[in-house]
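Down below is the structure, laid out as structure tokens.
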Amino acid sequence: MQKFDSSMMDFEERVEIDDFESEVMERIYSKPLLIKRVNTTSQIAIVGANVCPVESLDYEVPENELVNEDWRSRRTVQIFQYILLKWAFALIIGLSTGLVGIFNNIAVENIAGFKLLLTTELMLKKKYYKAFAAYAGCNLGLATSAAALCAFIAPAAAGSGIPEVKAYLNGVDAYSILAPSTLFVKIFGSIFGVAAGFVVGKEGPMVHTGSCIASLIGQGGSRKYHLTWRWLRYFKNDRDRRDLITCGAAAGVAAAFRAPVGGVLFALEEAASWWRSALLWRTFFTTAVVAIVLRGFIQLCSTGTCGLFGQGGLIMYDISAAKVVYSTPDILAVILLGVIGGILGSLYNYLVDKVLRTYSIINERGAAVKILLVIMISLLTSICSYGLPWLATCIPCPTDASTSCPNTDVSGNYKSFQCPPGHYNDLASLFLNTNDDAIRNLLSTNTVKEFHVSSLFIFFVAVYCLGIITYGIAIPSGLFIPVILAGSCYGRLVGRLFEPISKLDVGLFSLLGAASFLGGTMRMTVSLCVILLELTNDLLMLPLVMLVLLISKTMGDMFNKGVYDQIVKLKGLPYMEAHPEPYMKHLIARDVVTGPLITFSGVEKVGNILLALKNTGHNGFPVIDEPPFSDAPELCGLVLRSQLLVLLKGKAFSKDRVLAGNKVLGKISELDFAKAGSGKGLKLEDLDIQEEEWDMYVDLHPIANTSPYTVVETMSLAKAAVLFRELGLRHMCVVPKSQGRPPIVGILTRHDFQPEHILGLYPHVRFQQ
């Protein structure tokens, strides 16, 4: 029995589509849009999952004779080695990510510090044009370096990286997102980009960096370069790599925000699609290691040998000195902040989406255009940062200031800029600082009159707009810091407005504003709440932070999705949502199974397998037992393309159509099926099959997964989608409800659950709720 089923296929046809949105999506990856035919007519269903040529990951552990034999042969000491290595890798991931986090902070503080000190010295000498030239020139050089790294070495390193990590943990294996070259560019590109004064953060890229480190460690070495160890073979599979990358993502948050508990909750709430208690323990251990590494180096740097990094210990923005007392007017202000955050956050997401679509068209023109775009945004940012402070009026220094005013040699709240002695420029204190220091200034407590309302408004508008147009250019860029900057700015504005009737410090209003904008853009609650509390060291603010996050998230959800969900969709990654679309409950699994289907017999001819592998892009093939191997046709299992390639390379062939399981087990082992690392795996072109071997037979029973996940054809598509995601599947077999029919109807993959595919088949269901 041989039928074609495109739902099993990663086989697409390239066609020309004039639709504007399709054109934009095509240009994101600079490749023709990939579509999938749904029948033999000219009807075409655009599959969002197929916008980029990605594979799905095999999280399912197959049950076949090879795997069972391998488990039976394992001794107690080998099982102990496997468990020990899990914890050892978690330790290494924590150490490595913590060290990279320290390196990033020290590098940014010193590079940006040199640039700002040079600018300040020239300003004090009244050499204003030279000061701007030095400031813009340093920014331009750093920005060009970051852009060149992204454009020529690792384009996948551009952007935050959190959407890609989120998609990977959902089961999407997008090309090169966790490659060693991506890791290199992510580290140094992030340093250059943040130090260049862009309104970006290094926190998002740190999540991607931690995941890249975990992926590199979890590859189990390299057999090509003889850098492997027999123990490491246990981790040459997608399931264990997924767990390690989850630990890496949590470690990245812990290193970026110095928030170990927040890192665990971030991985649980936002990054991971699949979770279990054992993984919770390992992620917690990993983030604890990161916290210890950070604490150790902070103490080492406290002597001043590491620049400005190290001040404040593990708490970046300590506001615990402020007295937390609030009344009814304060609660009303918090509710207002939540509403503002939800509205501004949803607008921010909408504009970021439009800007990304525009940049994708521009970036398609090549590396030179990518770098030119970065240069233009860098110049615009430099002009705003240096030019807007001239609009501010000079403010007399406070007489009771505990720090020096104005600041000339270190970062602080009081930048003199063009002001006479004894005065400071409040806008310059925000613009001519690192983003971290600007946030620290906005969150400063007991400084009600430090910033003019007009200055806060100008800074908010500038940061809001610059954050939108900066994200999407060819540099590693995080969204957390721009959102916190803008949120804390309008939070302080609201605090100034409510000052006559409020008991809360304006610094605390800044924290609540940051929380509201984060909730409105990213739509997270628990993890953001804990991260903010770990950042600010003020547990008394917990009720208000919880309230403002809940309101802003609810308000934002009324308009659009979270920013990371939008970016995942924009990149065309076939992400499986936690909740199926409402119209899926009106369809059954059989409705989205599209033919034709290819199956193999339990003992199949070598030539048939080679032709199927050559002529299709399938990655999963049902194995059907027929007489004389069974009384009636029955589903024996499922075999993967990668398994067939290994089996054919082993040449465990026989001239007769007979069961030859022992012969197969003697020629290949479970280790031969270990997944390749970042290098190339076995391909069809690597096989050397002679012409006379085409008519020989091979027994597929030893490698076929004898217990694939199956659903009856009449199951609700919504229920099937939930099962598919919760079990982390790549293939789901659809079997007939009645007897007397072929044993399998078709196979569902994540592509078949994508709205674009379903609505291409049944456009009318969009209106059925």
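A few remarks follow.
- Partner aspartates and glutamates whose Cα lies under 16 Å from the Cα of residue 655, excluding those fewer than 8 positions away in the same chain, are identified as 604, 691, 692, 693, 695, 699.
- Between the stretch 535-556 and the stretch 578-641, the C-alpha centres lie 50 angstrom from each other.
- Each Lys and Arg adds +1 at its Cβ and each Asp and Glu adds -1 at its Cβ; summed about the Cα centre, the chain shows a dipole of about 1300 debye.
- Only DSSP H runs of four or more residues enter the estimate; each adds -39500 (n - 2.57), and after division by the residues of the chain the mean residue ellipticity at 222 nm equals -16500 deg cm²/dmol.
- Overall, the ratio between the Cα radius of gyration of the stretch 629-769 and 2.2 N^0.38 Å, rounded to two decimals, is 1.31.
- Coordinate range along principal axes, alpha carbons of the stretch 562-646, Å, largest first: 55, 30, 19
- A protection proxy built from the mean count of other Cβ atoms within 10 Å ranks the segments 341-348, 246-253, 200-207, most packed first, as 246-253, 200-207, 341-348.
- Accessible carbon and sulfur surface of the stretch 111-250 relative to its total accessible area, %, 1.4 Å: 68
- Applying Stokes-Einstein at 37 °C and 0.692 mPa s to the Kirkwood radius of the stretch 249-391, computed over alpha-carbon pairs, gives a translational diffusion coefficient of 164 µm² s⁻¹.
- Shown for the stretch 279-404: the carbon plus sulfur share of the solvent-accessible area, taken with all protein chains present and a 1.4 angstrom probe, equals 69%.
- 3J(HN,Hα) from dihedral phi, the stretch 452-463, Karplus parametrisation 6.51/-1.76/1.60, rounded to Hz, x for glycine, proline: 5, 4, 5, 5, 4, 5, 4, 5, 4, 4, 5, 5
- Restricting the calculation to Cα atoms, the stretch 89-135 shows an Rg/Rh of 1.38 when the hydrodynamic-style radius is the Kirkwood one.
- Residue (of 123, 107, 544) at the positive-pole extreme of the chain, dipole from beta-carbon charges: 123
- Sequence ranges 68-79, 699-710, 625-636, 555-566, ranked by mean other-Cβ count within 10 angstrom, highest first: 699-710, 555-566, 625-636, 68-79
- Taking Cβ atoms as reference points and 14 Å as the exclusive limit, the residues near residue 430 contribute a net charge of -1, counting Lys and Arg as +1 and Asp and Glu as -1.
- Taking a straight line from the alpha carbon of residue 354, these lysines sit under 27 Å away, with near neighbours fewer than eight places off in the same chain left out: 31, 36, 166, 186, 202, 370, 553, 561, 569, 571.
- Annotation: Cα Rg of the stretch 61-113 relative to the compact-globule expectation 2.2 N^0.38 Å equals 2.03.
- Kirkwood Rh, angstrom, the stretch 317-463 [1 / mean 1/r, Cα pairs]: 18.1
- A straight Cα-to-Cα reach below 23 Å connects residue 503 with the lysines 323, 449, residues fewer than 8 places away in its own chain not being considered.
- Along its first, second and third principal axes, ordered by size, the chain spans 97, 56, 50 Å in Cα coordinates.
- The chain: relative contact order as a whole-number percent, Cα under 8 Å and 6+ apart: 20
- Whole-Hz couplings from phi, Karplus 6.51/-1.76/1.60, listed for the stretch 637-642; x for Gly and Pro: x, 9, 10, 8, 4, 4
- Amide H partners (placed H, <5 Å) of residue 637, local residues excluded: 623
- Cα-based equivalent ellipsoid, the stretch 458-545: semi-axes from gyration tensor eigenvalues, Å: 24, 17, 9
- Positive dipole terminus of the chain, leading residue within 399, 455, 54 (C-beta point charges): 399
- Isotropic mean projected area of the C-alpha convex hull, the stretch 104-159 (nm²): 4.4
- Summed residue charge, Cβ within 14 Å of residue 260's Cβ, Lys/Arg positive, Asp/Glu negative: +2
- The residues of the stretch 387-506 present an accessible area of 34 Å² per residue when probed at 1.4 Å with all protein chains retained.
- Under 5 Å, built H, 5+ apart or other chain: amide partners of residue 618: 10
- Compactness of the stretch 413-517 - radius of gyration and Dmax, Cα, Å: 13.8, 46
- Taken over the stretch 239-290, the convex hull of the Cα atoms encloses 61 Å³ per residue.
The values are calculated or read from the model by the stated rules, or taken from the named source; none is laboratory data. Keep in mind the model is a prediction, meaning the values are calculated, not measured. Don't worry about glycine lacking a Cβ; one is built from the backbone with ideal geometry, like all the others, and counts go over all protein chains shown. The accessibility values were calculated without ligands, DNA or RNA, using every heavy atom of the protein model including side chains. Shrake-Rupley method; radii C 1.70, N 1.55, O 1.52, S 1.80 Å.
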